Structures are given as structure tokens and as C-alpha cells.
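Below is one structure, written out as C-alpha cells; comments come after it.
No lab work stands behind these numbers, since they all come straight from the coordinates. Everything numeric here is computed off the predicted structure, so don't read it as measured data. Here the Cβ is made from the backbone with ideal geometry for all residues, glycine too, and neighbour counts use every protein chain on show.
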């Protein structure tokens with residue numbers, strides 16, 4: 001395997017001012033996340049305005065399976081991103097090309113299996129989530145239709161992971177803009193005009209996923225000489241040693257995300273048990289929380305690639321400084337989000353519902369989640385370092401702590417010991433990442449991340 005000094009796609013993240021390089025690379029990722037969250041929130045807003053609370057519950061509950069599938073797609077995409085980032089930092093272009101084909105093949109196969117699972121087990125999953133009987137029919141339609149879009153989710157995320165690992169963050173923004181345009185137009189058409197309810201929203205979602213998928217693969221085709229890309233079966237052959245590394249990196253990412261989602265499934269099911277107002281508030285609040293944290297998560301994603309490239313290039317000092325710069329940026333962003341939640345919570349929640357009771361309860365939700373913003377800012381920054389260096393064992397621990405032990409454990413503590421009801425549920429979620437943050441900081445201070453040998457695998 002020969003190293004090449006020139007990379008024809010992406011940006012060299014091992015050079016230039018750390019803050020400037022990080023922000024230039026991060027801004028398109030942040031914008032991509034914003035657009036992704038916006039068109040997700042358009043779904044919720046349209047369904048709330050034209051169908052009501054029952055429609056909102058149907059979309060939120062019926063979308064839980066997709067919310068479990070997406071982390072799997074993003075987990076393996078993140079694995080590809082980190083591996084390719086280190087390969088890029090080392091100049092191993094031939095191995096990068098083989099990694100692209102292996103990643104695409106493996107993730108699309110996974111998506112087909114999950115599509116079948118989502119369709120076959122739709123009803124039992126909804127019953128497990130305590131979906132209200134009044135919303136069960138619409139929720140079933142939503143889940144079955146969106147299951148068809150799982151291969152598009154996987155394909156899009158895999159391509160984006162590859163590009164971000166290579167230092168290219170602008171093209172994924174273009175892909176998601178295609179998806180957003182398709183989604184918004186079809187949402188308004190199918191729900192507002194043709195009154196198709198949750199099924200209309202689901203069809204709009206799948207169409208938008210197809211749009212982003214086709215845009216991503218069109219880019220691979222246009223730039224096919226850089227990837228040796230061909231629409232032929234031989235391109236999608238799996239290189240088993242590379243797959244071993246991707247699985248080793250991806251499983252902890254997937255596990256962590258699934259544990260977080262598992263914890264959230266329990267939270268959402270618990271919220272549903274408190275009635276329609278609390279359930280609706282929880283659903284809208286979760287969307288808003290994700291949106292307000294896209295800035296933090298975007299910078300963290302950028303930092304993971306940047307740290308990975310620098311470690312691949314043996315620039316450990318620069319990788320360490322990148323972690324600290326990322327933490328500083330994310331704390332500032334958390335402060336801005338918290339300020340909005342404290343000063344104008346009614347305005348923020350009122351965008352997505354006209355229900356006065358939901359808006360009033362939503363202000364409490366947002367104020368509680370200011371804790372989560374700062375916890376995510378610190379934890380995410382140092383976890384980007386853990387991800388960038390490929391510490392898979394710690395990834396498992398962090399997933400278990402964040403998703404289950406802390407999220408569910410703290411929620412039960414606040415609910416049952418301190419008798420705080422649904423507010424205790426939200427406090428538990430808001431505080432769930434604090435322990436992870438402390439562990440990641442301790443690992444950073446140990447300096448052991450500097451000697452990890454991912455590329456020797």
C-alpha cells in the first residue's frame with residue numbers, strides 16, 4: 001500500500017489555524033443538521049396544524065422505529081468517517097477507496113434487514129410504546145411507510161461519512177437541501193391539500209430521503225475517478241479486513257446511539273402514560289431540543305474528523321488543542337440556546353402548537369433542558385476526541401451510561417424518590433450526560449488517547 005501526498009477530494013484538516021479550520025469545516029455540517037431538523041420540524045408543525053394532537057402523537061410514536069434505525073446508519077457512517085479521516089491523514093488513498101465500497105455494501109445490506117423488521121413488527125412495537133389507541137392506526141401507517149426509506153437513510157449517511165472523513169463538508173449540505181425541498185413541498189401538498197394525515201407526512205419523508213440518497217450517489221458518480229466508483233457489482237464487494245475495522249469502530253457508535261434511543265423510548269413511553277398534553281409536550285420538546293443542539297453536535301462531528309486526521313498524521317498536540325477549542329465553542333453555543341429557552345420559551349413552543357396547555361408546559365420543558373445543553377457541550381467535545389482516536393471499548397461504556405444507566409436511573413430517581421412526576425422524567429434526561437463528560441475529560445487528561453493505533457488494524 002503506497003501513500004500519496006495529494007488528496008483530490010476534501011480538505012486537509014491537519015494544517016492552518018485550529019479555530020478557523022474547525023469553524024470552516026463545521027459550518028456546513030451545522031447547516032446540514034439545521035436543515036435536517038427543520039424539515040423534521042416541518043413534519044411536526046404541518047401535522048399539528050392540520051391534524052391536531054392525535055396526528056402529532058402518531059408521527060412521534062410511529063417515528064420511533066426510524067429514530068432507532070437512523071442511529072445505526074449514522075453509527076456506521078461515523079465509523080467510516082473516522083477510519084477514512086485517519087487514512088486521509090496518513091495519505092493511504094488506495095485503502096480509502098476500498099473502504100468506501102465496503103462501507104456502502106455493508107450498510108445497505110443492514111438497511112434491507114431493518115426494513116423487513118420494521119414492517120413485520122410494526123404493531124407490537126407501537127403497543128410496546130404505549131401508543132394511544134386513538135392514534136394507533138395513523139402511527140402504523142407512518143411506521144410502515146417510513147420503513148421503505150431505510151435504505152435511502154443508510155446510503156445517504158454512508159456517503160456523507162466518507163466525505164466528512166476526507167474533509168468535505170459542503171456536499172452533504174447540498175444533498176440535504178434537496179431532501180428539504182422535496183419534503184416541505186410534499187408535506188404541504190399531501191397533508192394540507194389532500195388531507196392524508198400521518199401517511200402523507202410519511203410519504204413526504206420517504207420521498208425526501210430518496211432525494212438525498214440520489215443526490216449523494218450522483219456525486220459519487222460525477223467524482224467516480226476519485227473513488228474508483230462504478231455502478232457494478234464488483235465495486236460493492238466487501239474487503240473483510242476493512243469491514244472488521246469498520247465493525248469494530250461502528251458497533252460502539254451504534255450501541256451508544258441505540259442505548260440513547262432505548263432510553264428515550266422508555267422516556268417517551270413514560271411521558272405517554274401521563275396523558276395527551278404531557279405526551280405532546282414531550283414530543284414537541286424533543287424536536288426542539290434536538291434542533292437547539294444541532295450547533296453543538298455539528299461542531300462535535302467536525303472535531304471528530306479533524307482529530308482523526310491529525311492523529312493519522314501523528315500531530316497529537318494539534319489533536320489535543322482541537323479538543324479544547326471545540327469545548328470552548330460548544331459552551332458558547334450552549335449559552336445561546338439556553339438564553340433563548342429562558343427568555344422566549346412561549347414563542348419557541350408556539351411555533352409548533354396552538355394548544356395553550358402544551359405551550360405552558362413546554363416552557364417548563366425548555367428551562368429544564370438548559371442543563372442538557374451545557375452537559376452536551378462539554379461531553380460532546382471530549383467524546384469527539386474519544387471517537388477520533390478510535391477508543392471502541394470506552395464507546396460501549398459511554399453508550400450504556402448515557403442511554404440506560406444514567407438516563408433511566410436518574411429519571412426514576414427524580415420521579416419516584418423525589419416525587420417530581422413528569423418533570424422528574426425530564427430532569428433525569430437533562431442530567432444524563434454529566435457522568436459521561438467527567439469520564440471523557442479524565443481520559444483526555446490521562447493522555448492515553450495519543451498512543452492508540454487504529455491504522456495498525
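Of note:
- Net lengthening on full extension, residue 133/residue 360 (0.36 nm per residue, minus Cα-Cα): 79.2 nm
- Full-stretch length increase - residue 236, residue 94 - with 0.36 nm per residue and alpha-carbon distance subtracted: 49.6 nm
- Taking a ≥ b ≥ c as the square roots of the eigenvalues of the Cα gyration tensor, an a/c ratio of 1.5 or more together with a/b no larger than b/c marks the stretch 18-456 as oblate.
- For the pair residue 336 and residue 223, label points projected 7 Å from Cα toward Cβ lie 2.7 nm apart.
- P(r) weight above 19 Å for the stretch 10-167, C-alpha pairs, percent: 62
- Folded to 0 to 90 degrees: helix 170-187 orientation relative to the chain principal axis, Cα: 20
- Inter-label distance for residue 174 and residue 321, nm, one decimal - labels placed 7 Å from Cα along Cα-to-Cβ: 3.3
- Equivalent ellipsoid of the stretch 288-397: semi-axes from √(5λ) of the C-alpha gyration tensor, largest first, are 34, 13, 10 Å.
- Cβ crowding within 10 Å averaged over residues, with 297-304, 443-450 ranked highest first: 297-304, 443-450
- Here the calculated FRET efficiency for residue 417 and residue 109, from their Cβ-Cβ distance with R0 = 51 Å, stands at 0.65, rounded to the nearest 0.05.
- Computed extension length for residue 15-residue 120: 32.8 nm, one decimal, from 0.36 nm per residue of separation with the Cα-Cα distance subtracted.
- Between helix 53-62 and the chain: long-axis angle, C-alpha atoms, 0 to 90°, nearest 10: 30
- Here the simple spin-label model places points 7 Å from the Cα toward Cβ, and for residue 194 and residue 247 these points are separated by 4.2 nm.
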